[in-house]
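The next block holds one structure in the form of structure tokens; read it before the comments.
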Amino acid sequence: MTPLLSVQGITKKYGAHIGCADVSFDLYPGEVMGIVGESGSGKSTLLGCMAGHLTPDAGKVVFDTRTDGPRDTLTMSEPERRMLGRTDWAFVHQHARDGLRMGVSAGGNVGERLMAVGERHYGDIRDKAIDWLGRVEIDADRVDDRPTTFSGGMQQRLQIARNLVTGPRLVFMDEPTGGLDVSVQARLLDLLRGLVRDMGLSAVIVTHDLAVVRLLADRLMVMKSGRVVEAGLTDQVLDDPQHAYSQLLVSSVLQV
Amino acid sequence: MIDLRNVSKTFTLHNQGSAVIEVIRNASLHVAAGECVALTGASGAGKSTLMRMIYGNYLTQAGEIRIGGVDLVQAEPRDVIRLRREVLGYVSQFLRVVPRVPTLDVVAEPLRAVGVSADAAQARAKTLLTQLNIPERLWSLSPTTFSGGEQQRVNIARGFAHSYPAMLLDEPTASLDAANREVVLSLIEEAKARGAAIIGIFHDEAARARVCDREINVSRFTPGLAA
């Protein structure tokens, strides 16, 4: 089986400082990979490099495209990469306002991605937008409201709807439940798990919340100072961590 | 079906003076299809550790753990994930679920994961929940708020939803009343009858005597305990 995403030797330096160094892994269709580590461990830098937001100094990000098979997205032309970003890829930002257009209605936010891939029929776009608002549990009567009038949790769900409406195959998520209160987190986790299973999505999730990765991720990478110190099955890394830093990370979690 | 050869495990506690604790040494055992084997031994002998190693939850340092043609010690994470989805079931002592998910979906999920239709999976889940005396009015609620015994029964229903060819059972009859204990034992007998290879930990001696064909005392794999 061809990996959906093959990350090979990604290195990104900020001057003399290492952002992330020599990170490699393969992600297969339907798999969810979690990346954990403390602030400054390089996990968001890695995510940015994979998603094309940052340019790595070395390495390859090979994606199994629908039309041409595996291609290195770093050497693609800018229009090709942008098209990928609108169709097969999605990026869920930690702060919903970074991933939404705050001056446009909720329906417009979802519809915009559809128009970007060529949908033109207003009625169809609106119907699809309302369908997706329903899937992320936002009432249809809020379709014409701007996200500025939404709560933080609703904004995050709207961002997810906007990202998933075009049926992507790979979703990058940066702390998707960060900054939300726990009851909203649980709803969002439930929603994400259902979407991953029903749509066969693959996802890369960056978080510092070990409970989130235990519930969402099949596999886990632990990062420290820009390097992957341990990788494996999520429950194995959490229950039997091998590296000193992973052991510290797991034992530092407060029990509730 | 389940085959362990010279399996060893140590824990290295890097943050506690790099203490190295050898917990399992040279464990070998074989469980055939349709057979149920009990792991026995005093508390701390390593029964649960060995079971977690067989599930791939604990990393095994040496040896081979073969289940359905896959060596769990060497396998890639995605092969272990597939094995757990299709071949190897595990009923742990505690239920761990996503908050907010209704009990019926929790029990149906393993079947949905192997491609069974939503209707068929729910029908099977309903049968199991009824068998295990979980009242229908609780089915639409999340099991996170249930009593300990109810959670244990939901856990068992979930564990037996899909007909795994190999199963690991960690104290499946603990904290159950006589009627429910009987249901669980008959579920185990049914699984054996359809050819499942089962490894179990039972503190309930009568239950062990009834469903298990053999006992393996884990202390003989425990360094420092073995005579």
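A few comments on the model shown:
- Environment charge of B:L111, counting only residues whose C-beta is closer than 13 Å and scoring Lys/Arg +1, Asp/Glu -1: +2
- Annotation: amide H of A:K224 within the under-5 Å range of A:V229, sequence separation 5 or more or interchain, hydrogens built in the peptide plane.
- Interface residues in the stretch B:53-85 - accessible area drops by 50 Å² or more relative to the isolated chain, probe 1.4 Å: B:N57, B:L59, B:P77, B:R78, B:I81
- Nearest-0.05 FRET efficiency for A:D124 and B:E64, computed from C-beta distance (R0 51 Å): 0.35
- GNM on chain B, alpha-carbon springs under 10 angstrom: the most fluctuating residue among B:A38, B:A118, B:A207 is B:A118.
- Debye-sum result for the protein assembly as shown in log10 I(q)/I(0), which assumes one identical scatterer on each alpha carbon, at q = 0.08, 0.09, 0.10, 0.11 Å⁻¹: -0.54, -0.69, -0.84, -1.00
- Reported to the nearest whole Å, the Cα centre-to-centre distance from the stretch A:1-70 to the stretch B:107-145 is 38.
- Note on A:241-247: average number of Cβ atoms from other chains within 10 Å of each residue's Cβ is 3.
- Long-range amide H partners of A:V32 with built H, under 5 Å: A:A203, A:D218, A:R219
- Among A:R82, A:R66, A:R126, residue whose mean-square fluctuation peaks in a GNM of chain A (springs only between Cα atoms under 10 Å): A:R66
- Efficiency of FRET from Cβ geometry, A:V182 and A:D22, R₀ 41 Å, rounded to 0.05: 0.70
- With R₀ fixed at 41 Å, the C-beta to C-beta distance from B:L141 to A:Q8 puts the FRET efficiency at about 0.30.
- Gaussian network model of chain B, Cα within-10 Å springs - most flexible of B:A125, B:A174, B:A157: B:A174
- Cα-projected label distance for B:A178 with B:T12, points at 7 Å along beta-carbon direction, nm: 5.3
- Computed from Cα positions, the angle between helix B:178-193 and the longest principal axis of chain B comes to roughly 70 degrees.
- Pairwise label distance in nanometres, B:S43 with B:S28, each label 7 Å out on the Cα-Cβ vector: 3.3
- Per atom type, the protein assembly as shown shows carbon and sulfur on 49% of its accessible surface, probed at 1.4 Å.
- The Cα center of the stretch B:1-41 and the Cα center of the stretch A:143-206 differ in position by 40 Å.
- Dipole magnitude for the protein assembly as shown: computed about the Cα centre from +1 point charges on Lys and Arg Cβ and -1 point charges on Asp and Glu Cβ, it is near 300 debye.
- Interface residues in the stretch B:1-30 - accessible area drops by 50 Å² or more relative to the isolated chain, probe 1.4 Å: B:H14, B:N15
- Chain B shape via C-alpha gyration tensor axes, a/c threshold 1.5: prolate
- Other-chain or far-sequence residues with amide H under 5 Å of B:M167's (modelled H): B:G89, B:A197, B:I198, B:I199
- Surface burial for A against B, with a 1.4 Å probe and both sides summed, reaches about 2200 Å² of accessible area.
- Within the full protein context, the accessible area of B:M1 is estimated at about 70 Å² for a probe radius of 1.4 Å.
- Shown are B:E109, A:E230, whose ranking by accessible area with a 1.4 Å probe and every protein chain present, most to least, is B:E109, A:E230.
- Relative contact order, percent, chain A [alpha-carbon distance under 8 Å, six or more residues apart]: 26
- For chain B, relative contact order (Cα pairs under 8 Å, six or more residues apart, normalised by length) works out to 30 percent.
- Dividing the helix sum by the residues of chain B, where each DSSP H run of 4 or more adds -39500 (n - 2.57), gives a mean residue ellipticity at 222 nm of -11000 deg cm²/dmol.
- Dividing the radius of gyration of the alpha carbons in chain A by their Kirkwood radius gives 0.97 for Rg/Rh.
The values are calculated or read from the model by the stated rules, or taken from the named source; none is laboratory data. It should be emphasised that the depicted structure is a prediction, and the values quoted were computed from it without experimental measurement. When we count neighbours, we look across all protein chains shown, and the Cβ atoms used for this are built from the backbone with ideal geometry, even at glycine. SASA here: full protein model, heavy atoms, side chains in, ligands and nucleic acids out. Shrake-Rupley method; radii C 1.70, N 1.55, O 1.52, S 1.80 Å.
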